[in-house]
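Contents: one structure, followed by commentary.
The values are calculated or read from the model by the stated rules, or taken from the named source; none is laboratory data. As the structure is a computational prediction, the values presented were derived from the model and not from experiment. Here the Cβ is made from the backbone with ideal geometry for all residues, glycine too, and neighbour counts use every protein chain on show. Accessible surface areas use protein heavy atoms only, side chains included; no ligands, DNA or RNA. Shrake-Rupley method; radii C 1.70, N 1.55, O 1.52, S 1.80 Å.
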Amino acid sequence: MKLIRTFSTPKLLALAAAVVATVVGGSAIAIAARGGGPVPPAKPLAQAIHDALGAPEPNGVTARIKFTNKLFPSGALTGQVGSALMTGASGRLWLRSDGRGRLELQSSAGDVQVVWNDTKVTLYDASSNTVYSRDLPQAKSGSAHKQSGPPSLAEIGNFLTKVSKRADVSTAQPTDVAGRPAYSVSLSPKHDGGLLGSVRLAWDALRGVPLRIAVYARGSSAPTLALETTDISYGAVSAADVTVAPPAGAKQGSLGPVTSTPKEKGSKGSHVSGLDAVEAAAGFPVVAPNTLVGLPRKATELVGGSDSKTVLVVYGQGLGAIVLAEHKADAQAKQGPLTGLPAVSLGGVTGHELATQLGTVISWQRGDVAFVLAGSLPSAAAETAARDLK
């Protein structure tokens with residue numbers, strides 16, 4: 001059985017992907033004060049990870065969870081923002097041994113239900129009476145590599161050594177979460193971290209099951225995004241617990257298709273990169289100065305089919321990079337994809353901005369070209385960058 005340890009974080013946090021995809025909520029689910037529960041013995045981090053990966057797998061999980069969201073500052077959103085996806089909530093989680101699961105968030109504005117299996121995730125938000133669905137990427141036949149046991153201590157140690165080149169990694173901190181003995185670890189970027197301060201993860205010392213994940217913005221002592229287990233039990237979960245259908249009259253939304261994996265370097269295909277080649281193939285005037293708000297241009301690529309060519313320009317590197325997407329605007333479109341969000345003046349044109357504690361996205365249209373700029377930077381810096389693109 002491949003329960004939580006092999007169940008991808010994007011599936012478990014599908015609700016975050018639905019609203020941000022960004023992305024991703026969490027607030028001060030403050031790192032819970034020690035509740036007097038059992039605490040495991042101190043261990044080196046590699047040993048704690050090795051033991052967790054080799055722990056007996058439960059045949060099901062039932063848990064109460066707390067999800068909170070401090071991602072969006074006041075005024076960052078307009079319209080209805082009462083959804084549990086946006087404000088946070090308490091709820092319940094069920095996971096079966098066959099990979100099926102359900103996450104329920106309870107809110108006065110209406111519950112949110114996220115249901116998934118190995119091939120599809122479905123989200124129903126009662127606050128807007130909308131159901132969203134998305135197929136999940138599937139491994140190619142014969143591509144999976146089965147390992148007879150957990151990675152060795154040496155393999156884990158090598159992995160941590162590689163991670164430590166890019167991030168500061170704490171030791172395994174013995175603690176307790178939801179009454180379970182647990183280990184906690186914190187990772188913070190060493191360079192080019194943008195607005196990200198750290199990511200903290202805690203897992204059951206005896207079962208290896210993740211119990212808490214929290215994302216901290218730079219300079220903040222409280223989580224910006226967090227999901228924490230407050231009570232958990234292990235045992236079989238019935239099919240009825242992970243089966244719930246949205247109301248028949250619910251509006252249909254979409255989380256978009258799963259994009260294909262980019263071609264590997266050297267593989268066959270029509271991949272176009274480099275400013276000169278991209279400008280020649282794009283079919284519209286490309287805006288790509290050598291630098292943007294002090295960051296050097298690092299990459300320029302053309303993606304999409306012949307009828308949906310998009311230029312991607314990357315400035316800087318790491319989490320502190322700025323990504324600029326440009327494409328020929330739809331003849332009927334007068335606004336960018338963030339229409340409905342707060343408006344911002346960008347030197348003669350009006351854009352729309354999504355500002356969060358971890359980054360900013362701005363969309364606008366100038367002439368026949370539509371732009372989307374995104375980066376882990378404050379809104380003022382993102383607006384300055386957008387105004388410089390003429």
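State which residue is surrounded by the fewest Cβ atoms within 10 Å (Cβ to Cβ) when the search covers only the range 294-307 and only residues that are modelled with pLDDT under 95 and over 25 Å from the mean Cα position of the chain (by Cα).
That would be Asp307.
Among (1) open to solvent by less than 70 Å² (accessible area, probe 1.4 Å); (2) within 27 Å of Pro223 (Cβ to Cβ); (3) at pLDDT 90 or above, where does Thr68 come up short?
(3)
Among (1) at pLDDT below 95; (2) more than 17 Å from the chain's Cα centre (by Cα); (3) open to solvent by 20 Å² or more (accessible area, probe 1.4 Å), there is one condition Pro257 misses while meeting the rest; what is its number?
Condition not satisfied by Pro257: (2).
Identify, please: which residue in the range 168-184 is surrounded by 15 or more Cβ atoms within 10 Å (Cβ to Cβ) and in contact with a Ser or Thr (Cβ under 6 Å, 6 or more places away or on another chain) and is, among those, farthest from Ser233 (Cα to Cα)?
Among residues in the range 168-184 that are surrounded by 15 or more Cβ atoms within 10 Å (Cβ to Cβ) and in contact with a Ser or Thr (Cβ under 6 Å, 6 or more places away or on another chain), the one farthest from Ser233 (Cα to Cα) is Gln173.
I want to confirm something. Restricting to the range 207-226 and keeping residues that are open to solvent by 20 Å² or more (accessible area, probe 1.4 Å), of a type in the set (A, V, I, L, M) and in a strand (DSSP E or B), which single residue is modelled with the lowest pLDDT? Even if it seems obvious, please write down each step before you answer.
Just the residues of the range 207-226 that are open to solvent by 20 Å² or more (accessible area, probe 1.4 Å), to begin with: 207, 210, 213, 215, 218-222, 225.
When the remaining residues are screened for being of a type in the set (A, V, I, L, M), the result is 213, 215, 222, 225.
Of the ones still in play, those that are also in a strand (DSSP E or B) are 213, 215, 225.
Values: Ile213: 96, Val215: 95, Leu225: 92.
Top of the filtered list is Leu225.
Checking Arg200 against (1) touching a Gly at 6+ places or on another chain (Cβ under 9 Å); (2) in a strand (DSSP E or B): exactly one of these is not met. Which one?
The failed condition is (1).
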